[in-house]
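For reference, the structure discussed in these notes is given below.
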Amino acid sequence: MPRTRFLKALLLLSTTLLLSFTIQAQVKIMTWNLLNIGKSKTDEQIEYIAKVIKQTDIVAIQEVVTNPSGAQTIAKLHEELNRSSGAKWDYSVSDPTVSSPYRSERYAYIWRTSKVKLKGKPFLEPTYQEEIEREPYMATFIYKGKEITISSIHTLPTKHQPETEIKYLKFFPEIYPEHNLIFLGDFNLTEKHSVFNPLKKQGYVPSFADQKSSLRQKCIKGDCLASEYDNIFYHSEKNELVKATPIMFFEDFEDITIARKVSDHIPLMITINPL
């Protein structure tokens, strides 16, 4: 092979390997409020949810019902992922949140075991459980030797002032100073609200801006999204955001009312490089 062709081939190989390494050095994290996930979800809906989740490496799920069907349905979802995705997954379901019996829920994490490893045991964060009705569910994952600690939350409904709960998140970096924290979930509030300013001043950046994530009851002139409720906050000095992807799953359904039986929120997913 002539020297010029050899060098071009070597350069192409090097570029391909570098691109492959870059892609492998990324982890995908999803948040999804799954609307009272429990016995109300049919087998067909569980299959569809698994189809969406298999795009990611870690998914944080909010609104798991507290009765036994909640954990059972997450287990069925886990089984479906293992059956249909060609990968192995693991999962964890929280205990019911403790502060309010009227709004008590469970959370869940499901993760791809070939991509990340769980460190320790996920837990409901106890520090502000008297101030936050559905206290955050926290889990630490190891990805290529780097740790990511996710804090998943479902705050009070908008009319009940979720900012009265969100304001406590600004203390978490001090409580967990060695952790690469990612705050995500259904905040029932836009990231533009001033309650997020203390987190932003500490270096935490919202992955999504002007991104509505809750579904309307009916689409209006093709607009099916209602409010900016869900988001993912990451520390800009500890992570590189590669991509932020809203997943418009409702477009797979003929009617918004059918999509809403899966969820009244779209999932949000980010691709990051932990630094």
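The values are calculated or read from the model by the stated rules, or taken from the named source; none is laboratory data. Just so we're clear, the structure is a prediction, and the values are computed from it rather than from any experiment. For neighbour counting, all protein chains shown are included, and Cβ atoms are generated from backbone atoms with ideal geometry for every residue, glycine included.
Residue check: is Ile61 under 17 Å from Asp264 (Cβ atoms) and assigned to a helix (DSSP H, G or I)? Criteria not met by Ile61.
Only residues that are in contact with a strand residue (DSSP E or B) (Cβ under 9 Å, 6 or more places away or on another chain), assigned to a loop (DSSP other than H, G, I, E, B) and either of a type in the set (Val, Ile, Thr) or under 23 Å from Gln72 (Cα atoms) (or both) were counted across the stretch 104-123, and they come to 3. Just to be sure, is Ile272 of a type in the set (A, V, I, L, M, F, W, C) and over 22 Å from Tyr48 (Cβ atoms)? Answer is yes for this residue.
Does Ala139 meet the test of being part of a strand (DSSP E or B), in contact with a helix residue (DSSP H, G or I) (Cβ under 6 Å, 6 or more places away or on another chain) and either surrounded by fewer than 21 Cβ atoms within 10 Å (Cβ to Cβ) or on the phi < 0 side of the Ramachandran plot (or both)? If you could, list the steps in order and put the result at the bottom.
Numbers: part of a strand (DSSP E or B): yes; in contact with a helix residue (DSSP H, G or I) (Cβ under 6 Å, 6 or more places away or on another chain): no; either surrounded by fewer than 21 Cβ atoms within 10 Å (Cβ to Cβ) or on the phi < 0 side of the Ramachandran plot (or both): yes.
So Ala139 does not fit the description; no.
The residues of the stretch 70-116 that are charged (D, E, K, R) and under 22 Å from Ile132 (Cβ atoms), listed by number, are Asp95, Arg103, Glu105, Arg106.
When you scan the stretch 242-257, do you find a residue that is in contact (Cβ under 8 Å) with a residue 60 or more places away in the chain, crowded, with 18+ Cβ neighbours inside 10 Å and in a helix (DSSP H, G or I), even just one? Within the stretch 242-257, one or more residues are in contact (Cβ under 8 Å) with a residue 60 or more places away in the chain, crowded, with 18+ Cβ neighbours inside 10 Å and in a helix (DSSP H, G or I). The C-beta contact set for the stretch 182-197 (first residue within 25 Å of Ala108 (Cβ to Cβ), second residue of a type in the set (S, T, N, Q) and surrounded by fewer than 23 Cβ atoms within 10 Å (Cβ to Cβ), distance under 6 angstrom, 6+ apart or interchain) comprises Phe183/Ser151; Asn188/Thr158. Within the stretch 157-172, the residues that satisfy the criterion of being within 23 Å of Met30 (Cβ to Cβ) and part of a loop (DSSP other than H, G, I, E, B) are Pro157, Pro162.
Only residues that are over 13 Å from the mean Cα position of the chain (by Cα) and within 14 Å of Gly120 (Cα to Cα) were counted in the stretch 144-160, giving 1. Each residue in the stretch 142-168 was checked for being closer than 16 Å to Asn197 by Cβ and either in contact with a strand residue (DSSP E or B) (Cβ under 6 Å, 6 or more places away or on another chain) or loosely packed, with under 15 Cβ neighbours inside 10 Å (or both), and 1 of them qualify. Scanning the stretch 198-226 for residues that are free of Cβ contacts under 8 Å to residues at least 40 places away in the same chain, touching a strand residue (DSSP E or B) at 6+ places or on another chain (Cβ under 7 Å) and under 24 Å from Leu35 (Cβ atoms), we see that the one that is surrounded by the fewest Cβ atoms within 10 Å (Cβ to Cβ) is Ala226.
In this structure, does Thr42 turn out to be of a type in the set (Ser, Thr, Tyr) and at pLDDT below 95? No. Filtering Thr42, Thr97 for residues that are of a type in the set (Val, Ile, Thr), out of contact with any Gly (no Cβ under 9 Å at 6 or more places or on another chain) and within 19 Å of Phe253 (Cβ to Cβ) leaves a single hit, Thr42.
Applying a threshold of 6 Å to beta carbon distances and a minimum spacing of six or more residues, or different chains, the list of pairs starting in the stretch 32-50 at a residue that is over 15 Å from Ile110 (Cβ atoms) and ending at one that is surrounded by fewer than 18 Cβ atoms within 10 Å (Cβ to Cβ) and among the hydroxyl-bearing types (Ser, Thr, Tyr) reads Gly38/Ser69; Lys39/Ser69.
Among the residues of the stretch 28-53, those that are closer than 19 Å to Ala139 by Cβ and either touching a Lys or Arg at 6+ places or on another chain (Cβ under 6 Å) or not β-branched (Val, Ile, Thr) (or both) comprise Lys28, Met30, Trp32, Asn33, Leu34. When the stretch 173-205 is limited to residues that are in a loop (DSSP other than H, G, I, E, B) and on the phi > 0 side of the Ramachandran plot, the one that is farthest from the chain's Cα centre (by Cα) turns out to be Gly203.
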